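The values are calculated or read from the model by the stated rules, or taken from the named source; none is laboratory data. This structure is a prediction, so every number in the text was calculated from the model and none was measured. Ideal geometry is used to build each Cβ from the backbone, glycine not excepted, and the neighbour counts take in all protein chains shown. When the accessible area is computed, the model is the full protein with side chains, heavy atoms only, and any ligands, DNA or RNA have been set aside. Shrake-Rupley method; radii C 1.70, N 1.55, O 1.52, S 1.80 Å.
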Amino acid sequence: MILKYFITILFFAISQIFAQSVSWEKINLKFPSYVTSFGFNSKDYIYIGTRDWGIFRSMDLGKSWKRLYEGLSLDRVDFIYETPEKNLLAGISFGGHLDLGPTPLGVFRSENDGDEWENVLKTIWVQKIQSDSKNFIYACTNSFNISTKLCCSEDDGETWERIDSKLPEYDIIDMEINRNDNIIVTNHDGVIYSSSNRGESWDSLENSSKTGFYSLTYNSKGILFSYNKTIGLCKSFDQGKGWYKTNLELTEHIFRSLTIDKNDRLFVITQDQGLFISSDNGLTWENLNEGLLNKNITAIGFDNQNNIYIGLIQPDKKYEDDYYIVLKGFYK
């Protein structure tokens, strides 16, 4: 009886080890520039944004690819976002190409799956694009001592209106929409602002850290995650009033961004330590680096089947065809 019990426990432990694994496969596409963003629409099309080479689209689950650039500014594609009415928005930010001249930047919109684009919101930096449950779309743009724009669209991204008149002008660094449709923004001084009426008024909350919270993201339970220079990788259960440090030690130099997939799993990407995942709100962590060719991850995304896509830079392959690559994996 004891032996049977032991075998059962051992089998369960082994099955869990194999269940908590990921295998990576290389996407068959040669990139002339590193990957900055991923997008996926309701038709299962895959979109990959690059540093200065436009957007690549696959309509057959990655078997073939087409480069999209008609109407786009060839600079850094920070966001690719499907709107509630199934159009596409792309956030194009300044990437340092002074030799290209005065090209338009900001939010671009496509009504034909990315074949053609129109510049619908002019700005030089797009930090985030999100929508709420009522199909209002928000764009947080500009930062780093440049006047911040927080804009809202009521017509699926075709026109935009600023909603930041009662916010500080210069230093909003991130935005997130919670499950109650409240807009949360943070600044460099660790102040968090919240609006429940689409920017008509804002409540502010001082934090003792006195440093900004970067890469805000919520899970379905309403827990807010972020990275702070003083606290580290942290979480809040009360919209940013109190913060608790998670059990993943990262420095500012290493941290790049965090995101949550459809199963409420928290992913952290770093500049030189690879990819980490937590399935219990940051209590325990696992790295998903086995099989990675390098640990310098530039972007992450999840398709409709919750496959993971990551962009990698391989410094040992400089000037060769596989310097910039994309890997696809599925984590069970």
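With within 16 Å of the chain's Cα centre (by Cα), crowded, with 16+ Cβ neighbours inside 10 Å and small (Gly, Ala, Ser) as the only criterion, which of 37, 33, 73, 58 stands out?
Numbers: 33 fails: within 16 Å of the chain's Cα centre (by Cα); 73 fails: within 16 Å of the chain's Cα centre (by Cα); 58 fails: within 16 Å of the chain's Cα centre (by Cα).
Answer to the selection: 37.
Taken over region 143-159, the residue count meeting the criterion of being open to solvent by less than 10 Å² (accessible area, probe 1.4 Å), assigned to a loop (DSSP other than H, G, I, E, B) and either at pLDDT 75 or above or closer than 17 Å to residue 118 by Cα (or both) is 2.
If only residues of region 179-218 that are open to solvent by 10 Å² or more (accessible area, probe 1.4 Å) and within 20 Å of the chain's Cα centre (by Cα) are counted, the one that is nearest to residue 299 (Cα to Cα) is 215. The residue list 235, 245 contains one member that is modelled with pLDDT of 90 or more, within 19 Å of residue 275 (Cα to Cα) and open to solvent by 90 Å² or more (accessible area, probe 1.4 Å), which is 245. For region 98-115, the set of residues classified as at pLDDT 95 or above, part of a loop (DSSP other than H, G, I, E, B) and in contact with a strand residue (DSSP E or B) (Cβ under 6 Å, 6 or more places away or on another chain) consists of 114 only. For region 292-306, filtered to residues that are among the aliphatic types (A, V, I, L, M) and at pLDDT 85 or above, the residue that is surrounded by the fewest Cβ atoms within 10 Å (Cβ to Cβ) is 300. Against the condition surrounded by 14 or more Cβ atoms within 10 Å (Cβ to Cβ), under 23 Å from residue 50 (Cα atoms) and without any contact (Cβ under 8 Å) to a residue 60 or more places away in the chain, how does residue 223 come out, does it pass? Considered against the rule, which asks whether it is surrounded by 14 or more Cβ atoms within 10 Å (Cβ to Cβ), under 23 Å from residue 50 (Cα atoms) and without any contact (Cβ under 8 Å) to a residue 60 or more places away in the chain, residue 223 comes out as no.
Here region 272-291 is the region considered, the condition is being under 20 Å from residue 311 (Cα atoms) and outside any strand (DSSP E or B), and the residue that is most open to solvent (accessible area, probe 1.4 Å) is 290.
Residues being under 14 Å from residue 24 (Cα atoms), more than 18 Å from the chain's Cα centre (by Cα) and at pLDDT 90 or above are entirely absent from region 307-317.
Any chance region 21-41 includes a residue that's at pLDDT below 85, within 15 Å of residue 306 (Cα to Cα) and not in a strand (DSSP E or B)? Yes, region 21-41 contains at least one residue that is at pLDDT below 85, within 15 Å of residue 306 (Cα to Cα) and not in a strand (DSSP E or B). If you check 138, 81 for being of a type in the set (Ser, Thr, Tyr), more than 21 Å from residue 310 (Cβ to Cβ) and not in a loop (DSSP other than H, G, I, E, B), only one passes: 138.
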